[in-house]
1. Regarding the stretch 12-33, can at least one residue be identified that is of a type in the set (S, T, N, Q), closer than 30 Å to Ser112 by Cβ and buried (at least 21 other Cβ atoms within 10 Å of the Cβ)?
2. Take the conditions in a helix (DSSP H, G or I), of a type in the set (S, T, N, Q) and under 22 Å from the mean Cα position of the chain (by Cα) and apply them to Thr230. Does it pass?
3. What is the one condition in (1) in contact with a helix residue (DSSP H, G or I) (Cβ under 8 Å, 6 or more places away or on another chain); (2) more than 30 Å from Ala76 (Cα to Cα); (3) among the basic types (Lys, Arg) that Arg184 does not satisfy?
4. Would you point out the residue of the stretch 199-232, among those that are of a type in the set (Ser, Thr, Tyr) and surrounded by fewer than 16 Cβ atoms within 10 Å (Cβ to Cβ), that is modelled with the lowest pLDDT?
5. Do you know which of the residues in the stretch 78-93 that are part of a loop (DSSP other than H, G, I, E, B) and within 23 Å of the chain's Cα centre (by Cα) is nearest to Phe207 (Cα to Cα)?
6. Looking only at the stretch 107-140, count how many residues are within 22 Å of Asn3 (Cα to Cα) and not polar (S, T, N, Q).
7. Does any residue in the stretch 6-33 that is on the phi > 0 side of the Ramachandran plot come within less than 6 Å, Cβ to Cβ, of a residue that is outside any helix (DSSP H, G or I) and at pLDDT 95 or above six or more places away or on a different chain, and which pairs are these?
8. Going by what's in this entry, would Trp252 be described as free of Cβ contacts under 8 Å to residues at least 12 places away in the same chain and either small (Gly, Ala, Ser) or on the phi > 0 side of the Ramachandran plot (or both)?
Amino acid sequence: MTNKIALTYSALTKFQSCPRSYKYRYIDCLVPKRVSKALQIGSKIHQCLATLYDTGKMGNITENEFSMDETLMMLAMLSGYVSRYTPEQFKMIETEKVFKSPIINPATGHKSLSFDMSGRVDGIAKIGDNFYLVEHKTASIATQSYLERMWSDFQITLYSYHIQKHYKIKGVIYNVLVKARLKRKRNETDHTFYDRLRKKYDDPAMFLREEIYLDRNVFDSMLRDVWDITQAILWAKRNNAFPKNLNHCYRWYRECEYGPLCRSHDSTAVLSDGYEKQIPNIELEENDGNNKSAQKPDTSENQLF
């Protein structure tokens with residue numbers, strides 16, 4: 001029997017949103033060569049937060065792929081975060097927790113022969129005797145609609161269920177950090193610009209925490225949905241049928257990452273210029289950029305907790 005496929009939340013939602021984009025990523029193993037700056041910044045902030053909770057110190061974020069303005073913004077954000085949440089209200093038990101769990105057929109109780117559910121949780125925190133998932137988010141703005149979406153977050157329900165063998169999760173702590181929109185003034189020095197950014201991050205509105213309690217009654221419907229999606233994926237693979245969803249091409253006012261390839265009808269020129277091969281679910285690899293041992297702490301920074 002062949003090894004099972006590790007199915008992640010990202011894979012599930014990508015297939016639901018657009019089967020063609022699922023095929024590009026998880027069947028053809030393609031990723032864009034150029035990653036959006038917003039995703040790079042979000043990934044780096046996640047890494048630094050993991051380092052903060054693992055070591056009590058900030059990690060090094062001065063890297064070649066970021067401009068000086070971007071680096072200063074992230075430094076100000078993290079410094080403001082430390083000031084805002086010291087002392088911390090919870091105890092972080094684990095960061096970047098990877099899990100793997102069988103997918104169950106809700107009608108029979110049998111395990112899937114094709115898929116396992118896998119994922120990586122930003123953090124597991126404890127308040128009193130209760131355990132919570134911690135989900136870090138970076139956002140351009142934390143609007144009311146953004147907050148309302150948290151209450152129906154499929155990812156959190158999915159993760160809470162599959163991590164039960166390790167912790168009984170009571171709820172989730174959404175930890176939102178807002179990206180400052182300040183621009184450097186003409187002839188403004190790095191030091192002066194950083195001071196303005198740092199002052200901006202003294203504003204409590206730049207950080208938001210929302211604690212949401214888990215409704216375990218939704219587990220049954222979630223399990224049925226996941227099983228149905230796995231069956232749809234198997235059918236699509238057997239029939240090589242991965243239709244594009246035109247309504248998803250410009251979701252969130254950005255073109256889908258596979259838009260150029262899709263529009264070109266899989267042009268070899270577009271493929272070679274804009275995409276490269278990468279194994280699926282690389283974020284679950286033990287030695288990826290999110291692994292806590294991959295970040296060298298900057299020992300010049302103050303202790304966090």
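The values are calculated or read from the model by the stated rules, or taken from the named source; none is laboratory data. Source: prediction; values computed, not measured. We place every Cβ from the backbone using ideal geometry, glycine too, and count neighbours over all the protein chains shown.
1. Of all residues in the stretch 12-33, those of a type in the set (S, T, N, Q) come to 13, 16-17, 21.
Among the residues that remain, those that are also closer than 30 Å to Ser112 by Cβ are: 13, 16-17, 21.
Keeping just the survivors that are buried (at least 21 other Cβ atoms within 10 Å of the Cβ) gives 21.
Yes: the stretch 12-33 contains one or more residues that are of a type in the set (S, T, N, Q), closer than 30 Å to Ser112 by Cβ and buried (at least 21 other Cβ atoms within 10 Å of the Cβ).
2. Working: in a helix (DSSP H, G or I): yes; of a type in the set (S, T, N, Q): yes; under 22 Å from the mean Cα position of the chain (by Cα): yes.
Yes.
3. Going through (1) in contact with a helix residue (DSSP H, G or I) (Cβ under 8 Å, 6 or more places away or on another chain); (2) more than 30 Å from Ala76 (Cα to Cα); (3) among the basic types (Lys, Arg) one by one, Arg184 breaks only (2).
4. Within the stretch 199-232, the first condition is being of a type in the set (Ser, Thr, Tyr), and the residues that meet it are 201, 213, 221, 230.
Next, from what is left, pick out any that are surrounded by fewer than 16 Cβ atoms within 10 Å (Cβ to Cβ): 213, 221.
Numbers: Tyr213: 87, Ser221: 92.
In this case the residue turns out to be Tyr213.
5. By that ranking, first place goes to Tyr85.
6. First, the residues of the stretch 107-140 that are within 22 Å of Asn3 (Cα to Cα): 108-120.
Among the residues that remain, those that are also not polar (S, T, N, Q) are: 109-111, 113, 115-117, 119-120.
So the answer is 9.
7. Note: pairs meeting the criteria are Cys29/Lys277.
8. Numbers: free of Cβ contacts under 8 Å to residues at least 12 places away in the same chain: yes; either small (Gly, Ala, Ser) or on the phi > 0 side of the Ramachandran plot (or both): yes.
When the stated conditions are applied, Trp252 passes them.
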